[in-house]
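Shown next, in structure tokens, is the structure this report addresses.
Just so it is clear, none of the values below were taken in a lab; they were calculated from the coordinates. From a predicted model like this one, the values you see are computed outputs, not experimental measurements.
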Amino acid sequence: MGLHVGIIGSGLVGRVHLGAMLAHEAVSAVSLAEPAAALRQKAGSELSIRRAVADYHALLDDPSIDVVDICLPHDLHHRVALEAFAAGKHVLTDKPISNTLPEADEMIAAAETSGRRFYVALNQRFMPVHQRVRQLLDDGTIGREFMATLTVIGSELPRMSDPDSWKGTWDRAGGGVLADSGTHVVDLAHDWFGPPTAVACRLARHVVKTPNKADDTCVLTLEYPDLTVALLLTYGAAGQGWSETRQIWSETGSLHVRLEDADPMVVWKDGRRLPQEVTHEPDWWAWSVGLGLAHALDRLADDQPFAVDPSDAREALRTIQAAYRSAELGQRILMAEYGVVAADTAEGTAR
Ligand SMILES: NC(=O)c1ccc[n+]([C@@H]2O[C@H](COP(=O)([O-])OP(=O)(O)OC[C@H]3O[C@@H](n4cnc5c(N)ncnc54)[C@H](O)[C@@H]3O)[C@@H](O)[C@H]2O)c1
């Protein structure tokens, strides 16, 4: 008997999840909850879906569904996850875990109380090129690193400019590009370098004119004792397509990743280029989402722990919330003093 997965939401990412779930051998059936009739009917007519319903409670009430997969705007992750755990389901959700640290803590506690599994899709960790970066850092191949940059140059202008879209709103998305795509690169920085000791952040809305939207541009510095990491993010780019890079410099070499390249990685050591062979898809986004979901389904089916824990997603949110606080105050924030335990999280929601 395989897993019956109930996907909630079939927007941009939900459509990718639908395809990945239907393709996975551990999945025996996929059902969908989507209130938008056109999207629900499109999925129902094009894909082999067992049930397509408007109200997700019908999936929570269905005893044949083992796993709920949340592909919803950020403000709904918390409520739907709690309801799903209460209904005895395993829960997968796309990033971020939620909009606030108290919500994240409640979700993690609910998973523990229910005895169900909880997975937050931080898909970029599963890209082979990112796993190779981690391996090269762990092996000390390029020497002691002292500086890194991670960039997301994206365009979300249609949704960011639409006052009725949840994308980039303070109340529903929890912020703009930093709260959203920033989750991926903050999580990669944590995976590669560990938690930062301090953060400093500047945010701007340079391009998007819609008043209810948050940052379209962000510069975030993560401080470590012997390393400075700079994240440069925007949703305001136009025309040239989505582009993401990661670069790391050490005393004896450097490492350069451009995700849109067929051969995405260049590594230098002592003035020589070290050849790298990495499996990669230049059209990487949906592929990477599928890699992360395949991992979750494999581990669920084998009853093995996930390589990424919900506490990792909580830690990414903590750094991002501290960064928003830094931008608001115009000050560095020391991470040892910020949002470490649930009781400390009043700060976490401050804007
Ligand atoms: N991992 C990635 O690379 C990646 C990329 C894009 C989006 N995401 C994440 O995926 C999530 C969804 O983002 P998106 O861009 O697909 O959003 P979207 O707006 O395109 O899709 C959301 C869908 O949820 C549906 N919905 C809203 N309320 C609902 C409800 N009560 N019950 C059922 N369905 C409901 C909407 O009708 C819509 O179809 C977000 O958490 C986002 O951050 C992740």
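Table for the structure above
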| read-out | value |
| --- | --- |
| Degrees, to the nearest 10: 12-23 long Cα axis against longest axis of the chain | 70 |
| Eligible aspartates and glutamates near K213 by straight Cα distance, threshold 16 Å, same-chain separation 8 or greater | D75, E156, D162, D164, D171, D180, E328 |
| Phi to ³J(HN,Hα) by Karplus 6.51 cos²θ - 1.76 cosθ + 1.60 over segment 167-179, Hz, x for Gly, Pro | 4, x, 8, 5, 6, 9, 8, x, x, x, 4, 5, 5 |
| Cα-based helix-to-principal-axis angle, 284-301 vs the chain, degrees rounded to 10 | 60 |
| Under the Karplus curve 6.51 cos²θ - 1.76 cosθ + 1.60, θ = phi - 60°, whole-Hz ³J(HN,Hα) for segment 263-280, x wherever Gly or Pro sits | 10, x, 10, 10, 10, 10, 9, 6, x, 10, 8, 8, x, 10, 10, 10, 5, 7 |
| Segment 3-121: projected area of the alpha-carbon convex hull, averaged over directions, in nm² | 6.4 |
| Given K95/K269; K167/K269; K95/K209; K89/K167, the pairs whose alpha carbons are separated by over 32 Å | K95/K269; K167/K269 |
| Share antiparallel - DSSP beta bridges, the chain, percent rounded to 5 | 60 |
| Highest-MSF residue in the chain out of K42, K209, K269 [GNM, Cα springs under 10 Å] | K42 |
| Residue with peak Gaussian network fluctuation, the chain [Cα springs, cutoff 10 Å], from G290, G175, G11 | G11 |
| Cα Rg over Rh - the chain, Kirkwood | 0.96 |
| Helix 128-139 axis, angle to the chain major axis (alpha carbon atoms, nearest 10°) | 50 |
| Within a Gaussian network of the chain (alpha carbon springs, distance under 10 Å), most fluctuating of G176, G168, G115 | G115 |
